[in-house]
Amino acid sequence: MSSSRSGPWLLVAWLLVAWLLVIAGLVVAAPALVGRAHAQAASAAPEPKAAAGASPRAATKTLVAKSAPAKKPVSIESLRAALASGDAATAGAALDALGTRGDRAAVEVLIAFLVVGQADAWADRAIEALGNTRSPAARTLLTELTQHRRPAARLLAYRGLGQIPGAASDEVLAQGLRDSDAGVRGLCATQLGERNARPHVELLLRALERGVPEASVAIGKLGDADVVARYGVLLQRLPIHVMLGGYGEFLRRRDLAEATRLEIVARLGEVAGVVVKRFLEQLIADGVGKGSATFELALRETAKRIVEGGGR
Amino acid sequence: MRQRTANVPKTPYDSEDTPLRRRLRRLGGPLLLLFSAHVASGCAGLAPAFDPRFGDNDDARSARVLERIAQGGDTAASELRVVATTDAPAQELISADLAQGIRFRSKVSADSRPELLGDLVLVSTGGELRAFDARDGHARWSRPLEGCARYLGAARDGDVIAFACEAPAGEKALAGAAPSVLRAIAAGSGRLVWERETPDALGRPASSHGLLLVPWQRQGLALLDARDGVELARLRSRDDVIDWVRAEPGYAWFGHRQAYLIGPRGYSGSRKDAFALGVAAETLPGRPALVESAFSALPGKRSAHGRVALHVAPELAGDRLVARDGRVYFTFYRYVFAYDAAGALLWSRTLAQDAISARAIDGGLALVTATGDLLLLAAGDGSEQGRRALGVQLAAATIYGQGRVPAATVNGPAPSLRKGLLEVALDIDQRLVPARAYAVDQLARLPEPEVTADLLHIYGRSTTPPELQRVVADALRTRRTGLEHTVDALLQRYDFIEQTRPAPLAVLVPALLDARETRAVPNLVARMLDHETPLAVLGSVVHAVVELGDPRVVEPLLRFLRWYRADSTFAEQPDALLEAARGVLRHGGDAGAQKLAALVRDGIATPALGSEIAVLLAPKPEATPGTAVAAAPAAPARPLPASLGSPELRAAFDSRAGELRGCLLPELERNPKLAQVRIALIVESDGSTHALQVAPASGELVDCVYAKLANLRFPRFRSGRQVATYVLPVRARESAAPDAESAPGEAVFWAFAASHPRELTGASEPWWHAKQSIAALAMPPAQPGSGAKDNPAAKQPANNPAAAPRGPAAPAAPPAAAQGAAAPAVGPVAGAPAPPAAPAAEAPAAEDAWWVPAAK
């Protein structure tokens, strides 16, 4: 090879190597640069003296800890003052912080804020914060707020109750199934399912029959074999996509007897239809059948048997 | 003097016979003959019957015919019989009775309802009058009904059958003329015996002892000799209508809505001598006549004729006409009502099918239904005491003869009047709403407390039509017994699972208020705090809490106020909150006023509400002794007007116009094409109202309007009742007025608008602003001192519901609360002093959009 031909290629190679070295250097040097910045910030403070008998490691730890920016806990008084500041951003942040705190004092501040009556936006934000406290102390006011005239406020109250454990919350959520607002009914049904509120399965079945589609998933999470049979009665009356919501939950549950689940699959096979086929295929893809060869085989065979374009 | 001899010829100058005399002699005979004929005709020139020159109410003539009527024997069949036509497709004539059922069936398509006249059954069919044997139904004779446009019916006297027809109106007939013909035919052959024509209306005759009683011109009764058709006497009513006549053994009775007697002691055609045989027919649905009109044809085909009728069997008690058994019956399709002689309702029954004919007999009522069931109902309680199923569908029927309904209770005790009326009211036959409304009205008059629960049950059923609901609502308003049921009914609320509807608060609350039922307060408070209580009636609920409550309602009212004083729910309709504030002031005393002031002082309440409450809290100016004006002497009481004029009616409605407009906005959201709301109601002389009608009749709008007008009172007037109407336009350009009144001298179509210029006071926020967040950005900033601190980040009113709690634009800060508030000062407390109560913020002079309702 002549030098005239290889020259440019050599130049390119050298440039590439140089570029790679620069990149590597930056990667290596970055932590050191950051550490220096922290050191400069802490340079104003006197170096802590190592306590008598303290190990160097502990001293280092102490130094490192003190070199990091300190997080001060926010007091209730300061949050209360922030609420009264008149500044929207500050007050809003105070509400969120109260919700995050979750202690009794925060609950009391939020309750006092709500009971005097607030404009919609503030009331809703405070209700949400109250629910976020997850404190049983908030249950009483949240229950009262489930009777608020605005559906949005009721929705937030029910959502908040859903975060508070206990059967008492379940009772209130069950009453929400009777509400005139569809969103409230749906939320309550979903919450009851997520909270494993088995005593309210009967009411959920009635709600589903009346027209609360969210109840199907909840029923699927809570119902036993008897409920499966009663649920199946609705198969010819309710939309298939609603029913599949519940069936999906039934089939995912390991605590439900395999015979019951196989019966469900068989029933769905009778219904057939492309929607059911896709549903079964999705279950297979999600690995629902794993752990039981019989069940998995049933899923596959049923899905395979359903011809696209037929059924519901 | 010259003397003449016999042989001297006479000259003309000698003769006494002049040409004039000869001419007169030639003409004298015919003239004399003509004169004689004229005199003769003047003495005997009346038509045999229906001559206008015939004297009426002549005592001498009447006396003679009254004797004959008094001698009239019993011509009615002894047993109860039904003659009827069957329904399509194969029409037949049948005769039946309770004992044997159907006696005969003959194929005939009858145009008229069959008539049983002795041994014949008569029907008109296809322009012919046909007679059938009453025993076996074989055809006896037929004759054409020439010159008979409409057959009205017949009567029989011995061998003569007389029938009336409406004749075809000729080309030269006067407008409104109803030429008629009365024909008498031989019963055995149908041969014509005589006939009488008249240019006036004739009705179906009755017969009694050789007499024919023929209604004529609806004002008279012509009494003809049945043998030759000569009019013997004529009775004319001075002040009533003669629409029918019936002959009974020994007397006859006639009339229209009242009955008059032709009895042994004479007759009278004056209203003052009419007999009231029971219930006032004009109060009944369908306003039935006492007897079917003789001037109406009785159709033989299926029709509504005869399905709304009164039935009474009269009898003579001395010289008075009374109802047999003291009973008058009213049939309205499937419902039967029975009244006593005083008109009091005794019982009611619901049949499975329509009653197409009925007859009052001894001991009760015989009736036949459209499905061919013969029934006997007892006079005492309406229990069924006899039944015969004929197994055919009937089109038209008539019941003849006498019989007796057994008194013994065969099928068990009949339901009570209350149960019977309830059954009628709860029936779902939507054809019969007028009668169901009547049953509700009658039910509401019963004093039993359970009736209140019945009325509530009727109102709450989904099958109850709105017209019936209004009747129930009016009835509940006036009930003073069984109010505990009304109180309990307040607890009924909406439940999605149970599919229950909320209590009809628009009806219950006014009723409880009128009755001053303080037991209802706890339930009213519960409804006040219940989110399912419709906003349209919430104001009246709060009002009731305030009116009926005591100091114990102060805390719930305060709680209600606190919850919603800044809530968008009441931004457009703060009536309920204002009423709650009034309640706090009324029952809370000074402490209540202080708490109310605190609610305003902290600035959380909306500016509009705050200013209204501030007005309530403002001290009332007291009259100082120096400025007290001596009360003017009371003006003498003005006499009550005979009725209310348009200005009085309009003024009463206008006093509620503002409240009524609160009902328009929600309805406008449901129905954007709404242009106006029409309201009509009946005003009684004492100023009370009922029978409210609203158009469009959507449920929410009606409930809202009803709540606003439930306690509306008009000025009193002398007597009677009148209808008041009111039009509430949605468009701001028109002012509410009962009817458009032309301005004096109006000549052009725009004159009305020119004479009623539009007035826009401080317009409220347009309704669409609450729905479109982007429109909210165009709103002007809140006025200074309004109690709300503006967020410099977004120029939005503090309580604008369109402001999102999340998102890039932070909401306006919570309004500053006053320092030292009674409640724990946990609300945002501003360092600056609390702002004074702000005046109502004036909305920008937006374009006069046509959909913006006028504020006042």
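Just one of the listed residues (A:ARG185, A:ARG149, A:ARG154) is within 14 Å of another protein chain (Cβ to nearest Cβ), under 26 Å from B:THR533 (Cβ atoms), touching a His at 6+ places or on another chain (Cβ under 7 Å) and crowded, with 23+ Cβ neighbours inside 10 Å, and it is A:ARG154. The condition (being charged (D, E, K, R) and in a strand (DSSP E or B)) is satisfied by just one residue among B:ARG196, B:ARG257: B:ARG196. Taking region B:110-132 as the range and being assigned to a loop (DSSP other than H, G, I, E, B) and surrounded by 17 or more Cβ atoms within 10 Å (Cβ to Cβ) as the test, the residues that pass are B:ALA110, B:ASP111, B:ARG113, B:PRO114. Summed over region B:698-734, the residues that are modelled with pLDDT under 80, open to solvent by 60 Å² or more (accessible area, probe 1.4 Å) and more than 18 Å from the chain's Cα centre (by Cα) give a count of 8. Picking from residues in region B:433-460 that are touching a Phe, Trp or Tyr at 6+ places or on another chain (Cβ under 9 Å) and surrounded by fewer than 21 Cβ atoms within 10 Å (Cβ to Cβ), the one that is farthest from B:LEU284 (Cα to Cα) is B:GLN442. Given the structure, is B:GLU467 part of a helix (DSSP H, G or I), of a type outside the set (Val, Ile, Thr), free of Cβ contacts under 8 Å to residues at least 60 places away in the same chain and out of contact with any Asp or Glu (no Cβ under 9 Å at 6 or more places or on another chain)? Here the answer is yes, as B:GLU467 does meet what is asked. Residues that are at pLDDT below 90 and open to solvent by 70 Å² or more (accessible area, probe 1.4 Å) within region B:388-408 comprise B:ARG404, B:ALA407, listed in sequence order.
Listed here are the residues, each with its yes/no results for (1) in a helix (DSSP H, G or I); (2) under 15 Å from the mean Cα position of the chain (by Cα).
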| residue | (1), (2) |
| --- | --- |
| B:VAL424 | yes, no |
| B:ILE428 | no, no |
| B:ARG436 | yes, yes |
| B:ASP441 | yes, yes |
| B:LEU446 | no, no |
| B:ALA453 | yes, no |
| B:HIS457 | yes, no |
| B:ASP474 | yes, yes |
| B:THR486 | yes, no |
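Condition check for B:VAL521 on (1) of a type in the set (Val, Ile, Thr); (2) open to solvent by 10 Å² or more (accessible area, probe 1.4 Å); (3) assigned to a loop (DSSP other than H, G, I, E, B): one failure, at (3). Inclusion of B:SER189 among residues that are assigned to a loop (DSSP other than H, G, I, E, B) and modelled with pLDDT under 95 is warranted. Scanning region A:99-119 for residues that are facing chain B (nearest Cβ under 8 Å) and in contact with a Lys or Arg (Cβ under 7 Å, 6 or more places away or on another chain) gives A:VAL109, A:VAL115, A:VAL116, A:GLY117. Given the options B:GLY42, B:GLY101, B:GLY28, name the one that is open to solvent by less than 40 Å² (accessible area, probe 1.4 Å) and modelled with pLDDT under 80. After ruling out the rest, the residue left standing is B:GLY28. Inside region A:206-232, residues that are open to solvent by 10 Å² or more (accessible area, probe 1.4 Å), within 11 Å of chain B (Cβ to nearest Cβ) and in a helix (DSSP H, G or I) make up a count of 3. Restricting region A:123-132 to residues that are within 10 Å of chain B (Cβ to nearest Cβ) and under 19 Å from A:GLN147 (Cβ atoms), the residue that is surrounded by the fewest Cβ atoms within 10 Å (Cβ to Cβ) is A:GLU128. Within region B:540-571, the residues that satisfy the criterion of being away from chain A (no Cβ under 13 Å) and either open to solvent by 20 Å² or more (accessible area, probe 1.4 Å) or not in a helix (DSSP H, G or I) (or both) are B:SER540, B:HIS543, B:GLU547, B:GLY549, B:ASP550, B:PRO551, B:ARG552. Taken over region B:328-353, the criterion of being surrounded by fewer than 22 Cβ atoms within 10 Å (Cβ to Cβ) and more than 20 Å from the chain's Cα centre (by Cα) is satisfied by B:ASP340, B:ALA341, B:ALA342, B:LEU346, B:THR350, B:LEU351, B:ALA352, B:GLN353. Filter region A:285-299 down to residues that are surrounded by 16 or more Cβ atoms within 10 Å (Cβ to Cβ) and either in contact with a strand residue (DSSP E or B) (Cβ under 7 Å, 6 or more places away or on another chain) or modelled with pLDDT of 90 or more (or both), then give me how many there are. Final tally of qualifying residues: 5.
Evaluation of B:GLN594 against the conditions (1) within 14 Å of another protein chain (Cβ to nearest Cβ); (2) over 45 Å from the mean Cα position of the chain (by Cα) shows that the sole unmet condition is (1). I need every pair where a residue in region B:518-534 that is within 14 Å of chain A (Cβ to nearest Cβ) has its Cβ under 6 Å from the Cβ of a residue that is assigned to a loop (DSSP other than H, G, I, E, B) and of a type in the set (Val, Ile, Thr), sequence separation at least 6 or different chains. Sorted first by the residue in region B:518-534, then by its partner, the pairs are B:ARG527/B:THR533. Which residues, taken from region B:583-615, are open to solvent by 20 Å² or more (accessible area, probe 1.4 Å) and touching a residue at least 60 places away in the same chain (Cβ under 8 Å)? Selection gives B:GLN594, B:LYS595, B:ALA598, B:VAL600, B:ARG601, B:THR606, B:PRO607, B:ALA608, B:SER611, B:ALA614. Taking (1) open to solvent by less than 10 Å² (accessible area, probe 1.4 Å); (2) over 18 Å from the mean Cα position of the chain (by Cα) in turn, B:THR463 satisfies each apart from (1).
Any residue at all in region B:672-681 that is in a helix (DSSP H, G or I) and basic (Lys, Arg)? So far as region B:672-681 goes, no, none of its residues is in a helix (DSSP H, G or I) and basic (Lys, Arg).
So that you can scan it fast, the table gives a plain yes or no per residue for (1) in contact (Cβ under 8 Å) with a residue 40 or more places away in the chain; (2) within 27 Å of B:LYS595 (Cα to Cα); (3) open to solvent by less than 10 Å² (accessible area, probe 1.4 Å):
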{"residue": "A:ALA94", "(1), (2), (3)": "no, no, yes"}
{"residue": "A:LEU98", "(1), (2), (3)": "no, no, yes"}
{"residue": "A:ALA105", "(1), (2), (3)": "no, yes, no"}
{"residue": "A:SER169", "(1), (2), (3)": "no, no, yes"}
{"residue": "A:SER180", "(1), (2), (3)": "no, no, no"}
{"residue": "A:LEU192", "(1), (2), (3)": "no, no, yes"}
{"residue": "A:ARG195", "(1), (2), (3)": "no, no, no"}
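Of B:ASP200, B:ASP239, all but one fail to be modelled with pLDDT under 90 and out of contact with any strand residue (DSSP E or B) (no Cβ under 8 Å at 6 or more places or on another chain); the exception is B:ASP239.
Taking the criterion of being without any contact (Cβ under 8 Å) to a residue 24 or more places away in the chain and of a type in the set (D, E, K, R), would at least one residue in region B:412-428 satisfy it? Among the residues of region B:412-428, at least one is without any contact (Cβ under 8 Å) to a residue 24 or more places away in the chain and of a type in the set (D, E, K, R), which makes the answer yes.
The values are calculated or read from the model by the stated rules, or taken from the named source; none is laboratory data. What you are looking at is a predicted structure, and each value in this text was computed from that prediction instead of being measured. Counting neighbours? That spans all protein chains shown, and the Cβs are built from the backbone with ideal geometry, glycine included. Surface areas here come from the heavy atoms of the whole protein model, side chains and all, with no ligands, DNA or RNA. Shrake-Rupley method; radii C 1.70, N 1.55, O 1.52, S 1.80 Å.
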